[in-house]
Amino acid sequence: MSIWIWVAVAVVLVGWYLSWTAGRLDRLHTRIDAARAGLDAQLLRRSSAAQELATSTLLDPASSILLYQAAHAARTVEPERREVAESELSQALRALFAEPEQAEELNALPGGAEAVADLTAATRRVPMARRFHNDSVRAARAVRRHRVVRLFRLAGHAPFPLAFEMDDEPPTGL
């Protein structure tokens, strides 16, 4: 009779472990969704600030067109090409603000200080949001690689999490 008790205890412990692991994986996927929403918000904020600066008549026409096109592409591109479009916006910002004097010239213009401050704040938050998202993805991938998770299909039908890879180096002039 005692062997059946040990078998029952083992089954309960294995069931508890599987349930705990599935719950942990679900929490990680929820964290990824929240981090992705935060990253999307920061990327949208950055592209909005760039578009606002491009349409403000504070920049020369060539810079305005370059910045507006990059910001518009980042806002309207399909999800499969978003990383490329966001990287191109980062490159356009670096080209526009390659030297600190360029930001200082804009700060001297009426309304320029607010536009530069908004763009600077938005640009500095993007790498942090991307890092937080990619850390969440890395943690979920580590759990999903375990044999037990794959064997019992504890991830369900959730897609395999993908990191968001983009060029997010801020301009040196901001």
Quiz item: Is at least one residue of segment 118-137 over 25 Å from Gly173 (Cα atoms), of a type in the set (A, V, I, L, M) and out of contact with any Cys (no Cβ under 6 Å at 6 or more places or on another chain)?
Solution: yes
Exercise. Could you pull out every one of the helices (runs of 4 or more DSSP H) wholly within segment 1-120 that has 3 or more residues that are among the hydrophobic types (A, V, I, L, M, F, W, C) and loosely packed, with under 11 Cβ neighbours inside 10 Å?
Key: 2-54
Self-check item: Near pairs, Cβ below 7 angstrom, 6+ apart or cross-chain, from segment 63-86 (more than 18 Å from Leu53 (Cα to Cα)) to any residue that is charged (D, E, K, R) and buried (at least 17 other Cβ atoms within 10 Å of the Cβ)
Solution: none
Quiz item: Checking Val149 against (1) within 23 Å of the chain's Cα centre (by Cα); (2) surrounded by 14 or more Cβ atoms within 10 Å (Cβ to Cβ); (3) hydrophobic (A, V, I, L, M, F, W, C); (4) at pLDDT 95 or above, which single condition isn't satisfied?
Solution: (1)
Quiz item: Do we find a residue being among the aromatic types (Phe, Trp, Tyr) and outside any helix (DSSP H, G or I) anywhere in segment 126-133?
Solution: no
Exercise. Take the residues in segment 91-110 that are charged (D, E, K, R) and within 24 Å of Ala74 (Cα to Cα), then tell me which one is farthest from the chain's Cα centre (by Cα).
Key: Glu99
Exercise. Output the number of residues of segment 123-174 satisfying the condition of being among the small types (Gly, Ala, Ser) and closer than 30 Å to Gln102 by Cα.
Key: 2
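Residues are listed down the side, and each one gets a yes or a no for (1) aliphatic (A, V, I, L, M); (2) at pLDDT 95 or above; (3) in contact with a His (Cβ under 6 Å, 6 or more places away or on another chain):
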residue: Leu13; (1), (2), (3): yes, yes, no
residue: Leu18; (1), (2), (3): yes, yes, no
residue: Leu28; (1), (2), (3): yes, yes, no
residue: Asp33; (1), (2), (3): no, yes, no
residue: Thr57; (1), (2), (3): no, no, no
residue: Ser64; (1), (2), (3): no, yes, no
residue: Ala74; (1), (2), (3): yes, yes, no
residue: Val77; (1), (2), (3): yes, yes, no
residue: Leu89; (1), (2), (3): yes, yes, no
Quiz prompt | Residue check, Thr172 part of a helix (DSSP H, G or I) and either out of contact with any strand residue (DSSP E or B) (no Cβ under 9 Å at 6 or more places or on another chain) or of a type outside the set (D, E, K, R) (or both) | solution = no
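The values are calculated or read from the model by the stated rules, or taken from the named source; none is laboratory data. In this text, all values refer to a predicted model and were calculated from it rather than measured experimentally. As a convention, Cβ positions derive from the backbone with ideal geometry for all residues, glycine included, and neighbour counts pool all protein chains shown.
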